[in-house]
Amino acid sequence: MSLLNAGDTFPNLTVTLPGSETLELPGAFAGHFGVVLFYRGAWCPYCNAQLRAFQRSLDKLADLDTKVVAVSVDDEATTKETIGKHGLRFPVGHSADARAYAEATGAFVNEDPLYLQSTGFLLDPQGRVLVSVYSSGAIGRLVPEDVAGMIRYVREHA
């Protein structure tokens, strides 16, 4: 397991969405900036706050040509509840294989119960990591204001 650093190509991951659809990352972002959020689960108040924050910022991020995807180990029913509870309009995946995602990205894993710790990635339009934010516990995560600021910075200094 190694951490993803700025400039690394984001690994290919399949995110299962409610209704048995899948999303292939980083391909789903091709030509756009992308935000990938691993969240601990619906039970985590910090994760819920992060999901709500990205939902509130979704239009601003869209204006910056940025797409957002979140995923957790929660089952499909719990994920549907989370989407409905927060009115999430970005894709939210479920039933993530915590160990496989960790192996591919370096995300920290809680073993009992099994879940991914909060991890966030900002990707450039070519699928390369601009920023990775790894947390080993409840706090410390990617926030939409930082994402917007980083994208503006990258564009100004391109």
Which members of the range 16-65 meet the condition of being open to solvent by less than 20 Å² (accessible area, probe 1.4 Å), in a helix (DSSP H, G or I) and closer than 19 Å to H94 by Cβ? C47, N48, Q50, L51, F54
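Among the residues of the range 6-15, count how many are closer than 23 Å to N110 by Cβ and part of a loop (DSSP other than H, G, I, E, B).
Pass one, the range 6-15, residues closer than 23 Å to N110 by Cβ: 10-11, 13-15.
Restricting the remaining residues to those that are part of a loop (DSSP other than H, G, I, E, B) gives 10-11.
Within the range 6-15, residues that are closer than 23 Å to N110 by Cβ and part of a loop (DSSP other than H, G, I, E, B) number 2.
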Could you run through the range 4-44 and say how many residues are more than 24 Å from D75 (Cβ to Cβ), touching a Gly at 6+ places or on another chain (Cβ under 7 Å) and of a type outside the set (A, V, I, L, M)? 4
Among the numbered conditions (1) open to solvent by less than 60 Å² (accessible area, probe 1.4 Å); (2) under 30 Å from E156 (Cβ atoms); (3) assigned to a loop (DSSP other than H, G, I, E, B); (4) without any contact (Cβ under 8 Å) to a residue 60 or more places away in the chain, tell me where V73 comes up short. (2)
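Table: residues versus (1) hydroxyl-bearing (S, T, Y); (2) at pLDDT below 95; (3) closer than 15 Å to V143 by Cα.
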{"residue": "E24", "(1), (2), (3)": "no, no, no"}
{"residue": "G31", "(1), (2), (3)": "no, no, no"}
{"residue": "G34", "(1), (2), (3)": "no, no, yes"}
{"residue": "F38", "(1), (2), (3)": "no, no, yes"}
{"residue": "G41", "(1), (2), (3)": "no, no, no"}
{"residue": "C47", "(1), (2), (3)": "no, no, yes"}
{"residue": "L58", "(1), (2), (3)": "no, no, yes"}
{"residue": "V69", "(1), (2), (3)": "no, no, yes"}
{"residue": "S72", "(1), (2), (3)": "yes, no, no"}
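The values are calculated or read from the model by the stated rules, or taken from the named source; none is laboratory data. This structure is a prediction, so every number in the text was calculated from the model and none was measured. For neighbour counting, all protein chains shown are included, and Cβ atoms are generated from backbone atoms with ideal geometry for every residue, glycine included. These accessible areas exclude ligands, DNA and RNA; they are computed on the full protein's heavy atoms, side chains included. Shrake-Rupley method; radii C 1.70, N 1.55, O 1.52, S 1.80 Å.
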